[in-house]
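Shown next, in structure tokens, is the structure this report addresses.
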Amino acid sequence: MFRLQEEDIRVRLQSVIPIVDEILKISGAPSASVGILHENNIIFTKGHGTVAANEPSYKQRPPGPNTIYGIGSMTKSFVVASLAKIRGEGREAKFEWSTPMKDLLEDFETDNKIAHLATLSDFLSHRTGLSGDMSIAYQGDLKFLLTKPELLRAVATLEKVGQFRSDWIYNNWGYSLAGLVLERFSGMSFEDCLREYVADPLSLHSTTTRPDIHGDFAFAHAALDNNDIYPLPEENPFKESIFETAGGIYSSVNDLLAWAKAILAAEHKSYAGPLKEVPTILSNQVPLDNPSRDHRFYGFGWVRTALPDVVGLQGDNAELFKRDQLPILGSRSQPMMTYYHQGAGLGYYSAIFMFPDTNSSVVVLTNSMPLNDVADWIAQVYITALFGFEDGGTTYHEAAKRYLGLAKRSRDRKLGLVKTMMTALDNERSMTCSYPHLDSYIGQYHNSNTGWPGNFFIDICYPEEEKKRGCLELRFQGRKSQAYELRHMKDDTFEWALDYNQQAKRARFTIWDPEYFKIYFNLDRTRPGGTVSLNWARDSGLPGRGMVLTRRENQGGRAKLSKRHGAIPFQTSFRKFFPGAWCFVTSDMSGMSSGAGTKSNDHFAESTGGRSQPWKSYQKDPKSSNNKNRKPDYLVVQSGSNSGSGSQDDVCKECGKRSGQCECGVGFIAA
């Protein structure tokens, strides 16, 4: 009977292969390796595309179940499993999940309100309320700006942007801390812990932080806006880096199916294998939604929910659609407990889903920074076919085909949001004012303030090539390899925005918030040198003026332009709104406001560099907060009326409504 059922399942899975092939092309990923476990047996593997697209020096070949890919944040579950092994139990326990981080790591400090309360479990479940912004650590080109010894000093500057133990805010820094805990209590490197506690006992031969790129390996790529595939440098950026334990593991479909099988087995009380405390690891720690519901919780490295439900809430697709626009996976006639996690890595996107009721798992690995979360869409297609989800008279195949439309819409939406940002900045640029004296802005700008020394700074200098009118160059950490053109906008404001392809080719997580790319210089005309500080990386989803960096001066008061950079202070600040920043306006185009306010209940996705973006969560005009008859608020992207939310006469291409009635704002993004 089971064999007949298994054959029916295989037929369904085979039938959706053309759908997945098309999604792969739409999304800009050269390959996908897929594996499916059902009733504890591997019943299906499939390699889509080729692992060496656009690389003539490598033989074009389809991926197999043993092809190695980066798995991004799926790394986190391996970190937690290793912690459970070294922790010990009972009187022999070296620490508890509830042990405060300050007792685990010497010199650990964070926001004063939670410094003595924040535990290991708080960081593992992303419920500290701290910002996950990685701007000071990564700015593209597969190079991290900070080293592992600088981790504690960086974490000390993270701003509290949500409610402690209430808001789920994705935060890779917490798993970097967990890596320090793992190394301290084991006396070994993360690679050695992974090998001894997880990979060797479970015979996971491909799971490592040190992959052999000369073997069966899928190289990293990025998708361009015309769906071309751009090969990224052949590097392992996570090796011994500050975020190695947040996203540095490489693995294969066969290994991850074995991993899923071991976790599902370890959930039962009779389990006697090498994994420890799996029921605790999979338990509800914090709701993804607030107020909480009876599903959508995060545990330690896993999301837990019950189908039918919206899934993929940790990745790009959840950033590109409002919650009620995302597909519901599953059938009302087949309620199912589900554990899942996604991975957004540098050149790789991945997804793993587990279903304990049927001892099933679906694994999808891809080798691209794509135009949408392609691994999420592919996984949902195969899950629909695996269980034959049919609802409301829709067959499983018809349900699977809807993901073609979702792939196209999410791709177009992401590209459109970046185009809108670029248009907004151009429209804001003053074409009449005279160019400033650029010499006034030249200098090194370091994170300002007290106490915690660090190594983050921005060099503002002239480009090495012939000077462009009104242009400077911004260099993170003073590195020529981290240089960006800095263009004058108006007054003392400059911008360094990148279009979609420019971001993709430098392996950057896509940012469409124009405030992120603005530099506000603060001048004191009465003192030598003029500029005293700058503001950068304001988050449109948060109150405040972003990061304050102070110009380094010597005793003479001039900018110090030393080629050697020692320890310098840094601290992020969101305490005071900076004038001239992003503003919001009600739909009748009146009542301008500053945009200051509290964080919304939406999460900060990993693939946006740990930041919120000005897409779904718009702030209300405080002057009209008590007016119940107000229409929904809209984001104003420029001072004119030909882009952004559109004029009152424009029609939204998404919902068909005029801008005055539109509640989605999507159809105007590419206008």
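Tabulated data
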item: Residue order, fewest to most surrounding Cβ atoms within 10 angstrom, among I442, I352; result: I442, I352
item: Rounded Å value of the spacing that divides the Cα centres of the range 38-103 and the range 301-352; result: 18 Å
item: Cβ-defined net charge surrounding T110, 13 Å radius [Lys, Arg +1; Asp, Glu -1]; result: -1
item: Protection proxy ranking, peptides 126-134, 268-276, 305-313, average beta carbon neighbours within 10 Å, highest first; result: 126-134, 305-313, 268-276
item: Length added when fully stretched, Q5-A306, from 0.36 nm per residue minus Cα-Cα; result: 106.0 nm
item: Charge context of F164, other residues only, Cβ under 12 angstrom, K/R +1, D/E -1; result: +1
item: Label-to-label distance, nm, for residues given as T280 and S533 (7 Å Cα→Cβ offset); result: 4.4 nm
item: Entries of K76/K276; K419/K518; K76/K239; K143/K408; K143/K414 with Cα pairs more than 19 Å apart; result: K143/K408; K143/K414
item: Contour excess over end-to-end distance, with Cα ends at E106 and D21 and 0.36 nm allotted per residue; result: 25.6 nm
item: Which of T67, T75, T280, T207 has the fewest Cβ neighbours within 10 Å, and the rest in rising order; result: T280, T67, T207, T75
item: Approximate spin-label separation I42-A93, in nm, with each point projected 7 Å along Cα-to-Cβ; result: 3.7 nm
item: The range 58-160 shape via C-alpha gyration tensor axes, a/c threshold 1.5; result: oblate
item: Computed lengthening from S189 to Y462, 0.36 nm per intervening residue step minus Cα-Cα distance; result: 94.1 nm
item: Efficiency of FRET from Cβ geometry, Q163 and N427, R₀ 45 Å, rounded to 0.05; result: 0.80
item: Residues E159, E234 arranged by fewest to most Cβ contacts within 10 Å; result: E234, E159
item: Dmax and Rg, reported as Rg then Dmax, of the range 236-276 (C-alpha, Å); result: 13.9, 40
item: Tail fraction, Cα-Cα pairs, the range 266-406, threshold 26 Å, whole percent; result: 24 percent
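Computed from the coordinates by the stated procedures, all read-outs in this text should not be read as laboratory data. Please read all numbers here as calculations on a predicted model, not as lab measurements. Because the Cβ atoms are built from the backbone with ideal geometry, glycine has one as well, and the counts that use them run over all protein chains shown.
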